[in-house]
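The values are calculated or read from the model by the stated rules, or taken from the named source; none is laboratory data. Worth saying up front: this structure is predicted, and the values here are computed from it rather than measured. When we count neighbours, we look across all protein chains shown, and the Cβ atoms used for this are built from the backbone with ideal geometry, even at glycine.
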Amino acid sequence: MSRPTRTAEEARADLETPQALLRRSGFAAALPLFAADLDDAADLDGARRLVTSHGRRLWAEAVRGSPATADDRPLYWARLTLTARLRSWRPGFPLSEADRADLLSRLEHASRGHDALVFPPDDGLLRVIVTGFDPFGLDDDIRRSNPSGVAAITLDGAALTVHGRRAVVRTALFPVRWRDFTEGIVERALLPHYTADSGAADAVITVSQGRPGWFDLEVYNGARRGGGADNDGRTAEGPIPLPPQVPVPHPRPQWTTTSLPCARIAAADTGHHPVRGNTEVTEIPAGGGPSRVRGPRRRAPRAGGGRPPASPQRCLGCLGHADGSRVPAPGDGAAGPVARPPDRRTGPLVRSAGRGRRRTRAGTAPTLRRPAGPRGRHGAGAVSRQGSVPALRRRLANGKRTAGHR
């Protein structure tokens, strides 16, 4: 039997720029440690435990860093080196392709924070989930980050006060691959937070990469995939498929609408980056080809407000869950400004906001803090720098529970 081939996305991880970034960040240590543990796996159950453990460790290290130096790229490239190794692994026990696919799914799930969307047991708490995306467009510029991914790893564990109530944020990342969305990655990660008998999410905010210079509030999302290529170079244009057993209203909506107070947000002082409500869509009029209009007119969709390849499907999935499950959880989509590429191949991200000042979309610039609770040796995921590369290597090696590792 021939060895499984790497995906196009995994092959990029061998290029010099990603490898240099992994070495610089300390995340290069993840692969040899993972490979050694794989070689020691005695059976399938042991393999399941170790891929989940290594995935959680990657996520924990990504979210524990300082907000001032947040970078989503080490996590992205390290994950790909691990999935490539797992795809080619030949264990000393029988491993079916279905079992290998399950192991890959477990690694993806854990390293994206999907099984860390756990909130403290407090009925008075506001539970907020924020999701971001992997970098994409890497054949054009291998250095690219995704500001939505940076937002996700920065906000995980943040707490703030909203109208006198404490709100806690948990975050997760999604890939830019059509096959994952077809297989139901959004539904598996988020549907439990809409349908839970208790402790359901109070808000789910999807963030993606938009255009340079401003934030787009994605007012409408259509039930159709665009023609853009994903990170594996594949396209999947057409109606968005939904996995079975997903609660969806009948007839299935062709459009979903944000629950954000767009006018109020757009009118607020947002500093360097203005906020705009993006109502532009492309519909298929009766008897004709696509035409650009301002806001849906209840016709068949061609494109909504989301710009990255998978953003409309991810946002539609979140909003569709709220509609289909009848849970009153707001579901919102926003596209953040593009981060300029670093000046050097592996240097830090260059954020056009300048002077390191952070503002919310409403311009209020609240002070975020980590919530209290037993979430590792730094307390409740307290903000701390990743520290030196040797220190990061030691943490990856010894598997200690770190901030964000729940």
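For segment 70-90, the set of residues classified as surrounded by fewer than 18 Cβ atoms within 10 Å (Cβ to Cβ) and in a loop (DSSP other than H, G, I, E, B) consists of Arg90 only.
Considering only segment 178-196, I want to know if a residue exists there that is in contact (Cβ under 8 Å) with a residue 12 or more places away in the chain, farther than 17 Å from Arg112 by Cβ and touching a strand residue (DSSP E or B) at 6+ places or on another chain (Cβ under 7 Å). No, segment 178-196 has no match at all.
Determine whether Asp180 is of a type in the set (Asp, Glu) and crowded, with 17+ Cβ neighbours inside 10 Å. Considered against the rule, which asks whether it is of a type in the set (Asp, Glu) and crowded, with 17+ Cβ neighbours inside 10 Å, Asp180 comes out as yes. Select from segment 40-69 the residues that are in a loop (DSSP other than H, G, I, E, B) and not charged (D, E, K, R) and write down the one among them that is surrounded by the fewest Cβ atoms within 10 Å (Cβ to Cβ). It comes out as Ala42.
Within segment 25-46, residues that are within 9 Å of Thr81 (Cβ to Cβ) sit with their Cβ atoms under 9 Å from residues that are of a type in the set (Gly, Ala, Ser) and surrounded by 15 or more Cβ atoms within 10 Å (Cβ to Cβ), at 6+ positions apart or across chains, in these pairs: Phe27/Ala62; Phe27/Ala78; Ala28/Ala78; Ala30/Ala78; Leu31/Ala78; Leu31/Ala84. Hey, does segment 221-228 have a residue that's modelled with pLDDT under 80 and under 20 Å from the mean Cα position of the chain (by Cα)? No, the conditions are met nowhere in segment 221-228. Residue count for segment 118-142 under the criterion of being of a type outside the set (S, T, N, Q) and within 17 Å of Pro175 (Cα to Cα): the result is 11. Determine if segment 1-20 includes at least one residue that is surrounded by fewer than 18 Cβ atoms within 10 Å (Cβ to Cβ), farther than 16 Å from Ala78 by Cβ and among the small types (Gly, Ala, Ser). The answer is yes; a qualifying residue exists. Counting the residues of segment 193-212 that are small (Gly, Ala, Ser), more than 17 Å from Ala152 (Cβ to Cβ) and modelled with pLDDT under 85 gives 3.
Listed by position, the strands (runs of 3 or more DSSP E) inside segment 97-184 whose residues that are under 24 Å from Ser53 (Cα atoms) number at least 1 are 126-133, 165-174.
Put simply, of Thr235, Thr279, Thr258 the only residue that is surrounded by fewer than 16 Cβ atoms within 10 Å (Cβ to Cβ), modelled with pLDDT of 80 or more and of a type in the set (S, T, N, Q) is Thr235. Every test in (1) in contact with a Gly (Cβ under 6 Å, 6 or more places away or on another chain); (2) surrounded by 17 or more Cβ atoms within 10 Å (Cβ to Cβ); (3) aliphatic (A, V, I, L, M); (4) more than 25 Å from Val168 (Cα to Cα) is passed by Val248 save one, and that test is (2).
When segment 79-101 is filtered for residues that are aliphatic (A, V, I, L, M) and over 23 Å from Phe174 (Cα atoms), only Leu95 remains.
Of the strands (runs of 3 or more DSSP E) lying entirely inside segment 200-263, those carrying at least 2 residues that are assigned by TED's automatic domain parsing to the domain that holds Asp134, out of contact with any Phe, Trp or Tyr (no Cβ under 8 Å at 6 or more places or on another chain) and within 30 Å of Leu160 (Cβ to Cβ) are 203-209, 215-218. Checked against (1) in contact with a helix residue (DSSP H, G or I) (Cβ under 9 Å, 6 or more places away or on another chain); (2) modelled with pLDDT of 85 or more; (3) not polar (S, T, N, Q), Phe215 passes all but condition (2). Within segment 96-142, restricting attention to residues that are within 18 Å of the chain's Cα centre (by Cα) and among the polar types (S, T, N, Q), the residue that is surrounded by the fewest Cβ atoms within 10 Å (Cβ to Cβ) is Ser105.
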